[in-house]
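The values are calculated or read from the model by the stated rules, or taken from the named source; none is laboratory data. The structure displayed is predicted, hence computed values, not measured ones. Positions of Cβ are backbone-derived with ideal geometry, glycine not excepted, and every protein chain shown enters the neighbour counts.
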Amino acid sequence: MSVGGPKHSQKGEEYLARSQRGHNERIVGKALADVRDDVVIATKLFLDGGFGGTYKRIRKHLDASMDRMQTDFVDLYYLHRMGSTPVEDVAEAMGRLIDEGLIGGWGLSQVDVDAIARAHAVTPLSAVQNIYSMVERDVEDEVIPYCAEHRIGLVAFSPVASGLLSGKVKSTAQFERVDDVRTWVPQLSERNLAANRPLVQMLEDFADVKGCTPAQLSMAWMLAKWDNVVPIPGSKNKGRILENLGAAEVELTKDELAQLESALDGITVYGHRGFTH
């Protein structure tokens, strides 16, 4: 179970009321209270300055998260995006939390190989959570190979490109105006939605032949391509969640994977988010 955690990112603050920050953790705490020992929980903190040393500030965030989730242990604790605090200081503090038995492992989000390597040298990383999908493939060049070499998991967020690759997003008019990241995802502007239609059509055609949905195919592609990558699609819809889980049952042959790669290499993607900002 991956939790969004307190929405303290620059984008999150614009779309989520202050009173609602930490809301996801409270939901998770209530839902998993009776089965806590049977699940793995991951959550994040955004280190936005403050007084005291790095450990003290991180511990304050962690204590608040554990209180909201009704637990005394977080299996995987992420730093949500890089801030002004040196990553080595964060790694040292995370190592202390591991030694104290408060977290099982730690991770970084939206980072390049330089940051990963500097952090990993201090306290080995369990995971890196970066944006990755058929339309956001920058991490394939260096990040995923580095993580594979050093036994670090790559947790791919927005693997369906905020719904673009599902084929179900037809217009920005369907987006909610509050707490809906799709309102600022560049591939989903009205102009880019139309321009990216050839990619979506290719995916729909391939999925139809394969007997799965486009969303399932987009995640099966990355699962088949890498041993250390796990997608974490987000949804507020139970049907979509069950559909996404079905991606694990879609098996691609080497020839099918090669066909998809060739098709993707020949299609221009309009709109780019990137993973280092």
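Residue pairs whose Cβ atoms lie under 8 Å apart, separated by 6 or more positions or on different chains, with the first residue in region 236-253 and part of a loop (DSSP other than H, G, I, E, B) and the second of a type in the set (Phe, Trp, Tyr), are LEU252/TRP221. Within region 228-246, restricting attention to residues that are out of contact with any Ser or Thr (no Cβ under 9 Å at 6 or more places or on another chain) and at pLDDT 95 or above, the residue that is farthest from TYR132 (Cα to Cα) is ASN228.
Scan region 132-142 for residues that are outside any loop (DSSP other than H, G, I, E, B) and surrounded by fewer than 20 Cβ atoms within 10 Å (Cβ to Cβ) and the total you get is 2.
With respect to LEU257, determine if the residue is in a helix (DSSP H, G or I) and loosely packed, with under 15 Cβ neighbours inside 10 Å. Can you show your working first?
Working: in a helix (DSSP H, G or I): yes; loosely packed, with under 15 Cβ neighbours inside 10 Å: yes.
Against the criterion (in a helix (DSSP H, G or I) and loosely packed, with under 15 Cβ neighbours inside 10 Å), LEU257 qualifies.
Comparison of GLY107, GLY95, GLY101 shows that the only residue that is buried (at least 22 other Cβ atoms within 10 Å of the Cβ) and modelled with pLDDT of 95 or more is GLY107.
Yes/no per residue for (1) of a type in the set (D, E, K, R); (2) assigned to a helix (DSSP H, G or I); (3) within 27 Å of ASN244 (Cα to Cα):
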position: ALA117; (1), (2), (3): no, yes, no
position: HIS120; (1), (2), (3): no, yes, no
position: VAL128; (1), (2), (3): no, no, yes
position: ILE144; (1), (2), (3): no, yes, yes
position: CYS147; (1), (2), (3): no, yes, yes
position: LEU154; (1), (2), (3): no, no, yes
position: PRO159; (1), (2), (3): no, no, yes
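Across region 98-143, the number of residues qualifying as of a type in the set (Asp, Glu) and closer than 22 Å to ILE267 by Cβ comes to 4. Looking at VAL28, is it of a type outside the set (Ser, Thr, Tyr), modelled with pLDDT under 95, surrounded by 20 or more Cβ atoms within 10 Å (Cβ to Cβ) and assigned to a helix (DSSP H, G or I)? Spelling it out, VAL28 is indeed of a type outside the set (Ser, Thr, Tyr), modelled with pLDDT under 95, surrounded by 20 or more Cβ atoms within 10 Å (Cβ to Cβ) and assigned to a helix (DSSP H, G or I).
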